[in-house]
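Novice: One structure is given below, represented as structure tokens, and several questions about it will come after.
The values are calculated or read from the model by the stated rules, or taken from the named source; none is laboratory data. If you're wondering where the values come from, they're calculated on a predicted model, not measured in any experiment. Quick reminder, even Gly has a Cβ in these numbers, built from the backbone with ideal geometry, and neighbours come from all protein chains shown.
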Amino acid sequence: MKKNAHRINPLRLNQFLKVLLMFKFICILVLASSLQAFSKGYGQTRINVNFQNMPLKKALKEIEKKSDYRFLYNDDMLLKNDMPASLNTKDASLEEVMKIVLNNTNLSYTLGDNNLVILTEKGKAMAPGTVSGKVTDEADLPMPGVTVRIKGANVSAQTDLQGRYTLNIPDNNTGGVVLVFSFVGYVSQEITVTGNSLINVQLKAASNSLNEVIVVGYGTQKKENLTGSVTVVNLKDANKRVTPDVARALQGQVAGVQVNGSGVPGEGVSIRIRGVSSLNSNNPLFIIDGVPTFEPFDFPNTDIESLQVIKDASAGAIYGFRGANGVVIITTKRGKNGPMKINYNGYAGFQKNPKTLSVTDRVGYQKIVNAAETNAGLSLAPGNDPSSSKFISNVNTDWQKSGFRTGYTQSHDLGLSGGNDNMSYNVAFDYFNQTGTTVSGPSYTRYNLSGNIQGKKGIVSFGTKFAYTEGDYNNLAYPHLHGTGNQIVDLVTAIPTMPIYDPNRVGGYGGVDQNTQRAISLNIIGVNNLLNSTGQRNRMMASAWMEVDILKNLKYRISGSYDRNDFRNTYFDPIYDLGWFYPNTTAYYSDARGNYYTQLIENTLSYKLNVKKHNFEILAGTAYQKNATSNLTGVALNLPQPYLFSLDNVSNPANKTAYSNSFITKFYSPIFARINYNYDDRYLLTFNYRRDGSSQLTQQHRYGNFPGASIGWNINKEKFIHLPEAITQLKLKAGYGILGNINALSNPYPYQTIVNGNASYVFGNTLATGTTQTQVFDQTNKWEGKKTTNIGLDLSLFHDQLAFSSEYYINKITGVLLGVPIPPSVGAINTPLVNAASFTNKGIEFTVTYRSRDTGPFNYTISANASTVKNKVTSLGNGGNPIYGAYSKTAVGGEVGELYAFKTEGIFKNAAEVAAHATQTGAAPGDVKFVDTDHNGIINDDDRVYLGSAIPKLYYGFNFSANYKNIDASIFIQGNYGSKIANGVYQALMTGQYGNQSTDELNYWTPSNTNTNVPRPIIGDPNANGRNSDRFIQSASYARLQTAQLGYTLPAALLNRTHIFRSVRVYLSGQNLYTITKYKGYDPDFINDGTINRGFDYGSFPNPRTLLVGLQIGL
């Protein structure tokens, strides 16, 4: 069965047609807008005006209001020709209008770029030494009062109310003169005059982060008055990362935020904000335009306007238990006042695995296996025995070379936005596709359509947001009879004497023979081509809000949102023969589908009060939230050929079944409030409060109260403290708050008794029906608690050129829900959750940013962040019994997921060393010598010790960006220092058994090669040389050139001639370009659970190296 066999699904076809229809609609809008822009550029806008006996200057302004034309003139010249004008036209051309308006005057006109009409006196041209033009801001709005001066001379002018200027150059020679355009709060711009007498300029707002408005819970706050731990993400830096997931874009960009992920297309990431907050999920809450979600990966990053991360309870308390792991607030792009703008942002490129592991070829593999069989006293496998007629010498498969391939990725975003004083809009269409880097492996395709509208009418403001996403996944598959395996481990340990293809086997792919090779080895290339695992995810997110100004400074706001996900996951395992241990004689098909949604209604009332220097902002609100999940799974066996993926294709009812049908509903009903107070912008106070209620807890413990408070002191605004002029801001801040968490409770009503109604019992030789309780729950379960304390310093120098921020925090997590074993005599089959565990996280965070002065053609920005986290377990309940994970032990006094295994001290060189050592069952010369750490003379599990932390001592990120005229460049370096990884892949390659081995294994011990740390290979491994030990624990420290980008923006003067393009930028970008590390695995940045098993890498799909070219266009 070929994995990508063509088949038509009516539902998928219908969805495709809908997307195609949407795309056609957008294309029509784009075409219409382009034609409109084109026609405007050539003066074909029709004019409708009606005025009588109006002064000439006022008449020109009236024409400007009713058309897209703008006039450039000298006031003195206009005053000399100020003849009253009368005009009544409908759909008139510019030529017809100007002929009437300029009648009886000595003026003539010419039409310049961008519908600029230049007036001059008849018979005169603009003086050779005169330069004129218009100055606008980033929204293309005119800027009055801009100073235009000649660099190095005392000659200047100012723009008028329409942003127009005229500057006379004394020597009448404009060539080589440099004009300086400056305005308070904007970046000055220097332009060299090259003979063109018309120069239009667009000024950009100067970077002043202190005046920046930060989005916080249910409102905004000025950055200089912010007291909580809230970080604004630099989207220019984050969006240079090629990823469909906004969560991945956070990696290395925010101090205190740790992100780990794999290279599987469309797969989520593991996020931890200031360490571990739970033994279950630690991912933060995402708020997207007011809609809460824990799954942010369905939306394009290019649609994001702003991104903030809340890290402490003093700021996050207003979100209650949902924000226990932190909060990421996302605001998407909205339309701005002005004509419609069209923006395209796209890229395409290829991806490859940056590293291959050094494994043995046929000769090396057969050498190791032959030695292992000889050491075990076994005969040689015929396939590896040169003296056998079945010796394999003509197969030498390089599974990494054959299994890995070049993947491709592309993204195309199209946005339309605009508006006026009363309403604005934004519409965006996104297409993303990524194919994995394994042959016929995973892939991900996403279609997204979104739009929003905002408006204001009198005292009422309103808005609505809609987004629809379809995500199609081609997942990693594994034979269903063998549970969940690992494709990466199976690929690298596949033996080189197994062929990729074998026409004599069912399915056409190669496998091993039990008698010939004796190895259990899986052909992953065959698996990827034969098996089929797909996922489809359709998501609709909609929200609407309305705000009413009841009285001055008193506002009421109501908002509602609906976030629905419909999913379908299919899995197909056909009949095939992939060799010994991996045949499949029964075609298997499963189809799981369902949906889950969140409904939310929120009401808030806010009031602002200013009394002299006292400023209050008060907010109170209520909310009602409903979460529901439903799913149904069907399974069919013995599908007939040709295969049709449908349960109805199986006629025998015994071969198909439906199970796992469920419907779960959860309800939450909170109230919340916030008070912001500041005195003269010097003394700052914020108080947040939320009372949450959940249906998942008993009535006695259903409600939780979560307060948070923070204070701040803007020292630089104190009159009695005289700081150096270089200090722009100096602020001290501190916060404390309490949060709750019940994410560990998956059952909607976990306190309800679950019974088995079919528990029959014999009474007096009679079978009586009965009921017995099968699961028990702790009726005292309550909210997990998280208390956060932090103190910080914000320092800004040289008018915010240099900014520094630092925080120290302590998080105490108590009552963590943990599964505690109970005696079998209870009669329950489950392990109930109880509020048993507690731990603390402590750390320091630093962020520093330097921006060069924007006084010339070259400017740059440098930013860096670093953070530490120290975790300590303070309680585990149940007598403090530790929790064992893969290569880890979590115990009181230690860390969550601390690495734990045997310690080694070399290789036994002879029998005397074995006899002198502590008793080690199965040991012989050439075996690993394990340390008797408890000195009891026996090597057993009690000799395992802690071998390092899986938590880095330091996380860091570094961004550098620069531009020179129209050229821009940037790099992003990210990494961590001081952690360890248990390399499960390397361990699988160093077993000395029948699987393929690392080339390091070739240096195995022999009586003539005793100077080695590699033990003898021996089938069965009687000494357990391959057990978990420090042999496989390696440094996880790394520094990675995560992103490098080089771009070029076409000059505005060139684009103005097209009358269509507003901006065009092309760029080259690379990702995961180079990594400095001692780790022997594929990638030290690997996906993990973030808790108990965070330090164990057993074949995480490697992150690819990406090279691409991109294009950004503005119309």
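Novice: Taking the stretch 682-702 only, how many residues are modelled with pLDDT of 90 or more, out of contact with any Pro (no Cβ under 9 Å at 6 or more places or on another chain) and either more than 13 Å from residue 224 (Cα to Cα) or not aliphatic (A, V, I, L, M) (or both)?
Specialist: Here the count works out to 3.
Novice: Now a separate question. Please work out if residue 295 is within 29 Å of residue 602 (Cα to Cα), touching a helix residue (DSSP H, G or I) at 6+ places or on another chain (Cβ under 6 Å) and either surrounded by fewer than 21 Cβ atoms within 10 Å (Cβ to Cβ) or outside the structural domain of residue 1093 (by the TED database) (or both).
Specialist: Numbers: within 29 Å of residue 602 (Cα to Cα): yes; touching a helix residue (DSSP H, G or I) at 6+ places or on another chain (Cβ under 6 Å): no; either surrounded by fewer than 21 Cβ atoms within 10 Å (Cβ to Cβ) or outside the structural domain of residue 1093 (by the TED database) (or both): yes.
Spelling it out, it is not the case that residue 295 is within 29 Å of residue 602 (Cα to Cα), touching a helix residue (DSSP H, G or I) at 6+ places or on another chain (Cβ under 6 Å) and either surrounded by fewer than 21 Cβ atoms within 10 Å (Cβ to Cβ) or outside the structural domain of residue 1093 (by the TED database) (or both).
Novice: Out of the residues in the stretch 825-848 that are of a type in the set (S, T, N, Q) and either touching a residue at least 24 places away in the same chain (Cβ under 8 Å) or under 30 Å from residue 807 (Cα atoms) (or both), state the one that is surrounded by the fewest Cβ atoms within 10 Å (Cβ to Cβ).
Specialist: Within the stretch 825-848, the first condition is being of a type in the set (S, T, N, Q), and the residues that meet it are 825, 830-831, 835, 838, 840-841, 847.
Add one more test, that the residue is either touching a residue at least 24 places away in the same chain (Cβ under 8 Å) or under 30 Å from residue 807 (Cα atoms) (or both), and what stays is 830, 835, 838, 840-841, 847.
Values: 830: 13, 835: 21, 838: 20, 840: 16, 841: 23, 847: 20.
Out of the qualifying residues, it is 830.
Novice: In addition: Anything in the stretch 341-372 that is more than 19 Å from residue 304 (Cα to Cα) and either of a type in the set (D, E, K, R) or in a strand (DSSP E or B) (or both)? List them, or say none. If you could, list the steps in order and put the result at the bottom.
Specialist: Within the stretch 341-372, the subset more than 19 Å from residue 304 (Cα to Cα) is 348-372.
Residues satisfying the conditions are 348, 349, 350, 351, 352, 355, 359, 361, 362, 367.
Novice: If you scan the stretch 630-670, which residues turn out to be surrounded by 14 or more Cβ atoms within 10 Å (Cβ to Cβ) and among the aliphatic types (A, V, I, L, M)?
Specialist: Within the stretch 630-670, 632, 635, 636, 637, 639, 647, 650, 664 qualify.
Novice: Which pairs do you get when a residue that is over 23 Å from residue 829 (Cα atoms), found in the stretch 754-769, comes within reach of a residue that is modelled with pLDDT under 80 and surrounded by 10 or more Cβ atoms within 10 Å (Cβ to Cβ), reach meaning Cβ atoms under 8 angstrom, with the pair 6+ apart or on two chains?
Specialist: 767/760; 767/761
Novice: While we're on this one: Does residue 737 satisfy the condition of being surrounded by 19 or more Cβ atoms within 10 Å (Cβ to Cβ), modelled with pLDDT of 85 or more and either aromatic (Phe, Trp, Tyr) or in contact with a Phe, Trp or Tyr (Cβ under 8 Å, 6 or more places away or on another chain) (or both)?
Specialist: Details: surrounded by 19 or more Cβ atoms within 10 Å (Cβ to Cβ): yes; modelled with pLDDT of 85 or more: yes; either aromatic (Phe, Trp, Tyr) or in contact with a Phe, Trp or Tyr (Cβ under 8 Å, 6 or more places away or on another chain) (or both): yes.
Considered against the rule, which asks whether it is surrounded by 19 or more Cβ atoms within 10 Å (Cβ to Cβ), modelled with pLDDT of 85 or more and either aromatic (Phe, Trp, Tyr) or in contact with a Phe, Trp or Tyr (Cβ under 8 Å, 6 or more places away or on another chain) (or both), residue 737 comes out as yes.
Novice: In the stretch 332-352, what count of residues is obtained for those that are among the hydrophobic types (A, V, I, L, M, F, W, C) and within 21 Å of residue 466 (Cα to Cα)? So that I can check it myself, show each step before the final result.
Specialist: Going through the stretch 332-352, the residues among the hydrophobic types (A, V, I, L, M, F, W, C) turn out to be 340, 342, 348, 350.
Filter once more, keeping what is within 21 Å of residue 466 (Cα to Cα): 340, 342.
Number satisfying all stated conditions: 2.
Novice: Quick one: residue 248 ticks every box in (1) touching a residue at least 24 places away in the same chain (Cβ under 8 Å); (2) outside any loop (DSSP other than H, G, I, E, B); (3) within 9 Å of the chain's Cα centre (by Cα) bar one, so which box is it?
Specialist: (1)
Novice: Still on this model: If you check residue 571 against the conditions, is it under 28 Å from the mean Cα position of the chain (by Cα) and closer than 30 Å to residue 448 by Cα? Walk me through it before giving the result.
Specialist: Numbers: under 28 Å from the mean Cα position of the chain (by Cα): yes; closer than 30 Å to residue 448 by Cα: yes.
Against the criterion (under 28 Å from the mean Cα position of the chain (by Cα) and closer than 30 Å to residue 448 by Cα), residue 571 qualifies.
Novice: Now for a separate question. Take the residues of the stretch 237-269 that are out of contact with any helix residue (DSSP H, G or I) (no Cβ under 6 Å at 6 or more places or on another chain) and of a type in the set (S, T, N, Q): which is nearest to residue 869 (Cα to Cα)? Please lay out each step first, then the result.
Specialist: Within the stretch 237-269, the first condition is being out of contact with any helix residue (DSSP H, G or I) (no Cβ under 6 Å at 6 or more places or on another chain), and the residues that meet it are 237, 240, 242, 244-245, 247-248, 250-252, 254-260, 262-268.
Pick out the ones that are also of a type in the set (S, T, N, Q) and you get 251, 258, 260, 262.
On the way: 251: 16, 258: 10, 260: 16, 262: 23 Å.
Selected residue: 258.
Novice: Kindly list the number of the only condition in (1) at pLDDT 90 or above; (2) outside any helix (DSSP H, G or I); (3) over 31 Å from the mean Cα position of the chain (by Cα) that fails for residue 762.
Specialist: It fails just one condition, (1).
Novice: Of the conditions (1) assigned by the TED database to the domain that holds residue 1063; (2) over 24 Å from the mean Cα position of the chain (by Cα), residue 952 clears all except one; give me its number.
Specialist: Looking at each condition in turn, residue 952 falls short on (2).
Novice: Since residue 990 meets every condition but one in (1) farther than 30 Å from residue 1090 by Cα; (2) within 42 Å of the chain's Cα centre (by Cα); (3) at pLDDT 95 or above; (4) among the aliphatic types (A, V, I, L, M), which condition does it not meet?
Specialist: Result: residue 990 passes all but (1).
Novice: Turning to a different aspect of this structure: Which of the residues spanning the stretch 852-905 are at pLDDT 90 or above, surrounded by 19 or more Cβ atoms within 10 Å (Cβ to Cβ) and not in a strand (DSSP E or B)?
Specialist: Those that are at pLDDT 90 or above, surrounded by 19 or more Cβ atoms within 10 Å (Cβ to Cβ) and not in a strand (DSSP E or B): 868, 869, 887, 895, 896, 897.
Novice: Then there is this: Determine which member of the set 1004, 977, 1048, 1079 is under 28 Å from residue 517 (Cα atoms) and aromatic (Phe, Trp, Tyr).
Specialist: Numbers: 977 fails: under 28 Å from residue 517 (Cα atoms); 1048 fails: under 28 Å from residue 517 (Cα atoms); 1079 fails: under 28 Å from residue 517 (Cα atoms).
Answer to the check: 1004.
Novice: Identify the residue in the stretch 993-1033 that is under 41 Å from the mean Cα position of the chain (by Cα) and among the basic types (Lys, Arg) and, among all such residues, is surrounded by the most Cβ atoms within 10 Å (Cβ to Cβ).
Specialist: Among those residues, the one meeting the criterion is 1031.
Novice: Here is a follow-up. Can you name the number of the only condition in (1) over 27 Å from residue 289 (Cα atoms); (2) within 29 Å of the chain's Cα centre (by Cα) that residue 632 fails?
Specialist: Condition (2) is where residue 632 drops out.
Novice: Please give the number of the condition residue 594 fails out of (1) touching a residue at least 40 places away in the same chain (Cβ under 8 Å); (2) under 26 Å from residue 664 (Cα atoms); (3) buried (at least 18 other Cβ atoms within 10 Å of the Cβ).
Specialist: Going through the list (1) touching a residue at least 40 places away in the same chain (Cβ under 8 Å); (2) under 26 Å from residue 664 (Cα atoms); (3) buried (at least 18 other Cβ atoms within 10 Å of the Cβ), residue 594 breaks only (1).
Novice: Considering only residues of the stretch 475-500 that are part of a helix (DSSP H, G or I) and in contact with a helix residue (DSSP H, G or I) (Cβ under 6 Å, 6 or more places away or on another chain), which is modelled with the lowest pLDDT?
Specialist: Within the stretch 475-500, the match that is modelled with the lowest pLDDT is 487.
Novice: Let me ask something additional. Please list, ordered by residue number, the strands (runs of 3 or more DSSP E) wholly in the stretch 911-985 having 2 or more residues that are in contact (Cβ under 8 Å) with a residue 12 or more places away in the chain, surrounded by 14 or more Cβ atoms within 10 Å (Cβ to Cβ) and touching a Gly at 6+ places or on another chain (Cβ under 7 Å). Steps first, answer last, please.
Specialist: Working: elements: 928-930, 945-948, 954-964, 967-977, 980-983.
Where strands (runs of 3 or more DSSP E) fall fully within the stretch 911-985 and carry at least 2 residues being in contact (Cβ under 8 Å) with a residue 12 or more places away in the chain, surrounded by 14 or more Cβ atoms within 10 Å (Cβ to Cβ) and touching a Gly at 6+ places or on another chain (Cβ under 7 Å), they are 954-964, 967-977, 980-983.
Novice: Those residues that are at positive phi and not acidic (Asp, Glu), I need them from the stretch 1003-1052; list them, please.
Specialist: If we filter the stretch 1003-1052 for residues that are at positive phi, which is where we start, we get 1020-1021, 1024.
Those that are at positive phi and not acidic (Asp, Glu): 1020, 1024.
Novice: On to the next question. I'm trying to understand the selection: among the residues of the stretch 744-770, which are over 29 Å from residue 321 (Cβ atoms), in contact with a strand residue (DSSP E or B) (Cβ under 7 Å, 6 or more places away or on another chain) and polar (S, T, N, Q)?
Specialist: At the first step, the residues of the stretch 744-770 found to be over 29 Å from residue 321 (Cβ atoms) are 755-770.
Checking the rest, the ones that are also in contact with a strand residue (DSSP E or B) (Cβ under 7 Å, 6 or more places away or on another chain) come to 755-756, 759-761, 768, 770.
Result: 756, 760.
Novice: Further question on the same structure: Across the stretch 361-409, which residue is surrounded by the most Cβ atoms within 10 Å (Cβ to Cβ) among those that are polar (S, T, N, Q) and under 21 Å from residue 526 (Cβ atoms)?
Specialist: Across the stretch 361-409, the extreme among qualifying residues is 397.
Novice: Examine the stretch 722-736 for a residue that is of a type in the set (S, T, N, Q) and more than 20 Å from residue 665 (Cα to Cα), and state whether such a residue exists. So that I can check it myself, show each step before the final result.
Specialist: Residues of the stretch 722-736 that are of a type in the set (S, T, N, Q), as a first pass: 728-729.
Okay, now just the ones that are also more than 20 Å from residue 665 (Cα to Cα), so 728-729.
Checked against the condition, which is being of a type in the set (S, T, N, Q) and more than 20 Å from residue 665 (Cα to Cα), the stretch 722-736 yields at least one hit.
Novice: A further question follows. Could you tell me whether the stretch 780-790 includes any residue that is farther than 24 Å from residue 311 by Cβ and among the acidic types (Asp, Glu)? Show your work before the answer.
Specialist: As a first pass, look at the stretch 780-790 and keep what is farther than 24 Å from residue 311 by Cβ: 780-782.
From what is left, the residues that are among the acidic types (Asp, Glu) are none.
For the stretch 780-790, residues farther than 24 Å from residue 311 by Cβ and among the acidic types (Asp, Glu): absent.
Novice: Still on this structure, I have one more. Restricting attention to the stretch 625-644, report how many residues are among the hydroxyl-bearing types (Ser, Thr, Tyr) and modelled with pLDDT under 90. If you could, list the steps in order and put the result at the bottom.
Specialist: To start, the set of residues in the stretch 625-644 that are among the hydroxyl-bearing types (Ser, Thr, Tyr) comprises 629-630, 633, 643.
In the following step, the residues that additionally are modelled with pLDDT under 90 were identified as 643.
So the answer is 1.
Novice: Within the stretch 771-786, can one find any residue that is among the charged types (D, E, K, R), under 30 Å from residue 325 (Cβ atoms) and in contact with a Gly (Cβ under 6 Å, 6 or more places away or on another chain)? Full working, then the answer.
Specialist: Taking the stretch 771-786 as the starting set, the residues that turn out to be among the charged types (D, E, K, R) are 778, 782, 784, 786.
After this cut, where a residue has to be under 30 Å from residue 325 (Cβ atoms) as well, the list is 778, 782, 784, 786.
Checking which are in contact with a Gly (Cβ under 6 Å, 6 or more places away or on another chain) leaves us with 784.
Yes, there is a match, as at least one residue in the stretch 771-786 is among the charged types (D, E, K, R), under 30 Å from residue 325 (Cβ atoms) and in contact with a Gly (Cβ under 6 Å, 6 or more places away or on another chain).
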